[in-house]
Amino acid sequence: MFCVLNVEKKKLTLLEKIFRFLAEDDYIIKTVPVFKGAPFYMLDVKICEQIDWDKVIENTGKCSKRLLLNNCLEIPQDKGIGVFKSDILYNKVFHNTVLQIIKNNKRKKDLYHIAVYDKNADFIDFTTRLSMYSSKLTVVTENKEKYMNLCDTILEKTGLCISMLSDFDNAKIKIDTVRNVMSIDTNNQFLNIKNGENIIVDDIYKKILPQNVNEQDFYSALYELCGVFSLGECIFENVMVNNEKKRTDTVTFS
């Protein structure tokens, strides 16, 4: 679970404006249910002057180490308070988007020479899925041992022999899983695809996205901390192609 911290300035009554000592901050916590996942908390804070972080901790407990913020707040360093950040879901969604772009461009019998840079062999499952579209598959990694079983499995099932190299070769499609960049040689030019935006999710999750909270951070928290694993099957609506934003379904290279 996690907690969204929603902080707003309190509108003081006339009496509170005159007698400021009467004005008190409001700290109201509620539980938000999540479809096919664990709930999360929403802490609504209305402050007169500045936030009381001890009260935030009191209200959120262990979730004070996994906060999402709706405003640019300065988090104290000495309270053990943490803001949730993770790139796990982004990586998954970008990989899904790459596969979708390849699939969208693939004619019936098209297969491509694909090269993948997977420095620490963290994305073997992604490479496995890429093999379905590969006439030749090259893997650049510093952890070749972790890929050995995959090489044997793919060779046995498809006859495709994975090449293990120390650098990219002249593949048509190159994918850098460290920087999350896909480069495609179209003969006329190179298409560099990166920076996925706007995860396409079910409306049931869009409706619970809090105002002014970073969308990617929120869906990442739902995925990792609330167990909404279906989000790991999503794609990005938009990507940057040679520094121009494009809809994923309009990216062509065939």
* Structure fact -> Reported to the nearest 10 Å², LEU155 has, with a 1.4 Å probe, an accessible area equal to 90 Å²
* To do: At a Cα cut-off below 18 Å, give the aspartates and glutamates reachable from LYS55, other chains included and same-chain residues fewer than 8 away excluded.
  => GLU8, GLU24, ASP25, ASP26, ASP44, GLU74, ASP78
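Find the relative contact order for the range 1-157 and round it to a whole percent, using C-alpha pairs within less than 8 Å whose residues are 6+ positions apart.
Values: 200 pairs, mean separation 28.3, N = 157.
Reported relative contact order: 18 percent.
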* Asked: Excluding ligands, DNA and RNA, what is the solvent-accessible area per residue of the chain at a probe of 1.4 Å, expressed in Å²?
  -> 57 Å²
* To do: On each of the three principal axes of the Cα atoms of the chain, give max minus min coordinate, whole Å, ordered largest first.
  => 79, 36, 32
* Asked: Under a point-charge model restricted to the Cβ atoms of Lys and Arg (+1) and Asp and Glu (-1), what is the dipole moment magnitude of the range 42-162 relative to its Cα centre, in debye to the nearest 20?
  -> 860 debye
* Of all accessible heavy-atom area on the chain, the percent that carbon and sulfur account for (1.4 Å) -> 48 percent
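Beyond 19 Å between alpha-carbons counts as too far, so tell me which of LYS106/LYS172; LYS103/LYS207; LYS65/LYS194 fall in that bin.
Details: LYS106/LYS172 13 Å; LYS103/LYS207 30 Å; LYS65/LYS194 31 Å.
Over 19 Å Cα-Cα: LYS103/LYS207; LYS65/LYS194.
Take the chain, mark every one of the trypsin sites (Lys or Arg not before Pro) that falls in a DSSP loop and has at most 14 other Cβ within 10 Å, then report the longest stretch left between them, sites excluded. Write out the running numbers ahead of the final one.
Details: sites that count: LYS11, LYS36, LYS79, LYS85, LYS106, ARG107, LYS108, LYS109, LYS119, ARG179, LYS207.
Between the exposed loop sites, the longest stretch runs 120-178.
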* Structure fact -> Restricting to Cα pairs under 8 Å and 6 or more apart, the percent relative contact order of the range 137-254 works out to 19 percent
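Summing Lys, Arg as +1 and Asp, Glu as -1, what charge do residues with Cβ under 13 Å from the Cβ of ASN143 carry, ASN143 excluded? Mind dumping the intermediate values first?
Working: positive: LYS119, LYS144, LYS146; negative: ASP118, ASP122, GLU142, GLU145.
Net charge around ASN143: -1.
The values are calculated or read from the model by the stated rules, or taken from the named source; none is laboratory data. As the structure is a prediction and not an experimental result, all values here were calculated from the model. Note that each Cβ is placed from the backbone with ideal geometry, even for glycine, and that neighbours are counted across all protein chains shown. SASA here: full protein model, heavy atoms, side chains in, ligands and nucleic acids out. Shrake-Rupley method; radii C 1.70, N 1.55, O 1.52, S 1.80 Å.
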